[in-house]
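The values are calculated or read from the model by the stated rules, or taken from the named source; none is laboratory data. Here the structure is a predicted model, which is why all the values come from computation and not from measurement. Here the Cβ positions follow ideal geometry from the backbone for every residue, glycine too, while neighbour counts run over all protein chains shown.
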Ligand code: SF4
Ligand code: SF4
């Protein structure tokens with residue numbers, strides 16, 4: 001499988017105008033299969049851009065449960081990203097396919113509660129393809145600048161961030 | 001059944017004449033004039049007219065009422081009755097009511113499932129099936145008892161019909177089912193429309209071998225084709241219908257304005273072939289919303305005038 | 001097992017809207033197996049509801065609990081404290097479980113979070129099929145253990161109807177024709193003759209048509 005990005009991507013138009021709804025510090029939770037990257041793959045990016053990234057490593061992406069994804073949003077994430085191995089390369093045969101189906105299920109749940117399923121995405125990333133992974137996070141950040149903070153993040157929380165900036 | 005003649009249709013068949021029946025769908029409304037108009041088109045060219053019972057589960061005027069209108073117009077109805085919408089209490093009560101109105105022929109059906117109709121949201125009944133309905137009618141007539149075993153003072157005496165589909169699956173079971181209907185008490189059988197004469201002949205042969213053609217009169221179904229599109233639709237979409245490629249090709253092979261002509265020709269050829277098959281005692285022409293066509297077909301097939309039975 | 005399906009989040013949100021302290025009560029038997037009302041589903045639903053309410057700026061306090069079975073006192077008692085300390089219960093059990101809880105806790109509103117659908121089996125991973133309607137007078141022996149009442153769309157006892165095509169039911173090509181299955185199976189068992197005899201109309205008194213049913217086992221009543 002060639003390096004690069006495939007998966008349940010989000011169809012935003014990416015303009016360079018940062019049409020931010022609110023000025024906020026984005027928070028992303030990343031669930032990733034430990035067979036792809038080491039945890040510190042995003043150090044550089046974190047230094048470059050001001051955002052919070054929580055990385056959750058899983059022995060296999062199939063261990064990501066519906067409720068983990070939802071709880072990530074409950075604890076204040078604006079977006080949740082799941083990185084899984086390319087199809088056909090899962091160590092546990094079909095873990096990544098299970099993860100994909102589950103992500104789709106939870107995306108529907110998010111849509112149903114009006115949280116926008118676009119905030120959750122899944123990508124297939126080849127082993128140690130750091131570049132692709134970083135690109136995914138960058139794209140997610142850019143998407144978030146359009147989407148704004150998660151509506152389930154309490155208003156106070158976002159305001160606090162804004163105040164600090166002032 | 002004792003030997004007295006129950007209805008005109010019964011009389012025609014008992015005499016050994018080749019019977020012709022046709023169909024009349026009650027209106028989606030309460031206007032009896034629709035029935036009168038259709039009656040006019042069918043009068044004197046058929047022995048009896050089937051009155052459908054909320055066919056394809058679309059809500060229409062009841063078959064009992066429409067049958068009564070037909071009677072008033074001087075035609076003999078074959079009242080169809082499906083078990084989809086009524087439980088055994090309502091069925092028996094309606095049979096007695098229908099008889100009291102002068103209705104003498106009945107065709108027992110299970111009925112199309114309501115998912116196809118105008119009320120897919122309805123609760124269905126299916127308390128008994130068509131074979132059990134046949135048995136019920138037979139016991140009422142011959143033993144004078146209703147389903148509960150109660151002796152009826154004046155039991156309804158109906159000429160009992162059933163439907164058969166020689167083309168549905170599982171093929172090998174179709175004869176068993178036919179024989180079950182006849183054992184249960186069916187006096188006559190009207191079949192699904194025949195386009196595949198070969199397959200029908202095969203089915204009739206088995207029926208004959210099983211002695212079934214001695215026990216019941218079989219009327220073969222006929223539906224004239226209007227267009228190639230109709231032929232294809234029936235082949236692909238209508239459950240339990242067998243329209244062979246050769247028929248579709250023939251319809252396809254003529255220009256659109258000659259399609260009706262070709263359809264009629266196929267229809268007449270089929271009737272001629274059916275008359276040669278041992279055990280076929282009549283035809284049942286289902287020209288849906290095309291009642292004016294029936295007289296033409298019956299005439300062209302040389303089946304006029306219809307015998308006079310009184 | 002009893003198969004059920006979770007109601008839409010929109011419907012659940014509406015049902016629970018009047019309550020501040022809500023217990024979402026799962027059932028660890030049938031509905032757990034069909035991914036509708038077990039521990040995992042309780043957790044997921046609770047989280048989704050919290051998110052949904054938070055997004056709307058409303059508050060709800062959800063307690064999560066799953067007991068082994070909601071249709072037996074032995075297990076129901078384990079939930080008593082939680083039930084009594086909340087404003088309402090959203091039960092993810094089948095309709096029987098919901099009512100069992102409601103009967104036992106007279107002052108607490110108990111609401112269903114599932115649509116209970118049928119008695120069925122796990123045909124294969126992710127696929128559940130209806131097999132029985134609990135008619136109270138089982139005739140499977142006669143029909144090669146394929147139930148014509150639950151699985152034939154017209155409940156035919158002297159089937160099949162004229163709509164059976166290529167093994168599919170006339171109602172929907174994705175549904176097997178029960179009568180094709182009955183015939184195939186009896187043929188394989190050499191019992192096709194079973195079907196030649198007329199089958200009497202069913203006595204529906206044993207079914208729900210005879211009113212709600214009760215089963216009394218004297219030997220277990222002390
Ligand atoms: S016959 Fe009755 S009890 Fe037996 S499987 Fe069918 S519905 Fe269930
Ligand atoms: S097609 Fe088969 S399952 Fe469907 S209603 Fe007819 S007999 Fe029953």
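Looking at the range B:153-180 only, could you name the residues that are out of contact with any strand residue (DSSP E or B) (no Cβ under 8 Å at 6 or more places or on another chain) and within 14 Å of chain C (Cβ to nearest Cβ)?
Across the range B:153-180, the qualifying residues are B:170, B:171, B:172, B:173, B:175, B:176, B:179, B:180.
A quick yes/no check of all residues on (1) over 24 Å from residue B:296 (Cβ atoms); (2) touching a strand residue (DSSP E or B) at 6+ places or on another chain (Cβ under 8 Å); (3) part of a helix (DSSP H, G or I):
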residue	(1), (2), (3)
B:28	yes, no, no
B:75	no, yes, no
B:78	no, yes, no
B:86	yes, no, no
B:108	yes, yes, no
Check your understanding: So residue B:19 fits all but one of (1) within 18 Å of the chain's Cα centre (by Cα); (2) over 14 Å from residue B:188 (Cβ atoms); (3) crowded, with 16+ Cβ neighbours inside 10 Å; what number is the exception?
Key -> (2)
Point to revise | residue C:59 vs. criteria in contact with a helix residue (DSSP H, G or I) (Cβ under 7 Å, 6 or more places away or on another chain) and within 14 Å of chain A (Cβ to nearest Cβ) | key: yes
Exercise for review: Among the residues of the range C:135-184, write down those that are more than 7 Å from chain B (Cβ to nearest Cβ), within 13 Å of ligand 1 (Cβ to nearest atom), in a loop (DSSP other than H, G, I, E, B) and within 19 Å of residue B:125 (Cα to Cα).
Suggested key: C:135, C:136, C:137, C:147, C:152
**Study point:** Subset of the range B:99-124 [more than 10 Å from every other protein chain (Cβ to nearest Cβ), buried (at least 23 other Cβ atoms within 10 Å of the Cβ) and in contact with a helix residue (DSSP H, G or I) (Cβ under 8 Å, 6 or more places away or on another chain)]
**Key:** B:103, B:104, B:105, B:106, B:108
Practice item. Could you list, in sequence order, all residues of the range A:140-166 that are at pLDDT 90 or above and touching a strand residue (DSSP E or B) at 6+ places or on another chain (Cβ under 9 Å)? Key: A:140, A:141, A:143, A:144, A:147, A:149, A:150
Check your understanding: Listed residues B:5, B:35; which is under 30 Å from residue B:153 (Cβ atoms) and touching a helix residue (DSSP H, G or I) at 6+ places or on another chain (Cβ under 7 Å)?
Key -> B:5
Revision key, fill the gap. Those residues of the range C:191-208 which are at pLDDT below 95 and facing chain B (nearest Cβ under 10 Å) amount to C:192, C:193, C:195, C:196, C:197
Study note, to complete from the structure: With criteria (1) closer than 19 Å to residue A:44 by Cα; (2) at pLDDT 95 or above, residue A:108 comes up short on (1)
Study note, to complete from the structure: By residue number, the members of the range C:78-123 that are in contact with a strand residue (DSSP E or B) (Cβ under 8 Å, 6 or more places away or on another chain) and in a loop (DSSP other than H, G, I, E, B) are C:85, C:86, C:87, C:92, C:93, C:94, C:105, C:108, C:109, C:113
**Study point:** Hey, residue C:164 crowded, with 18+ Cβ neighbours inside 10 Å, under 19 Å from the mean Cα position of the chain (by Cα) and within 12 Å of ligand 2 (Cβ to nearest atom) or not
**Key:** no
Review point. Hey, any hits in the range B:232-252 for a residue that's in contact (Cβ under 8 Å) with a residue 24 or more places away in the chain and over 30 Å from residue B:113 (Cβ atoms)?
Key: yes
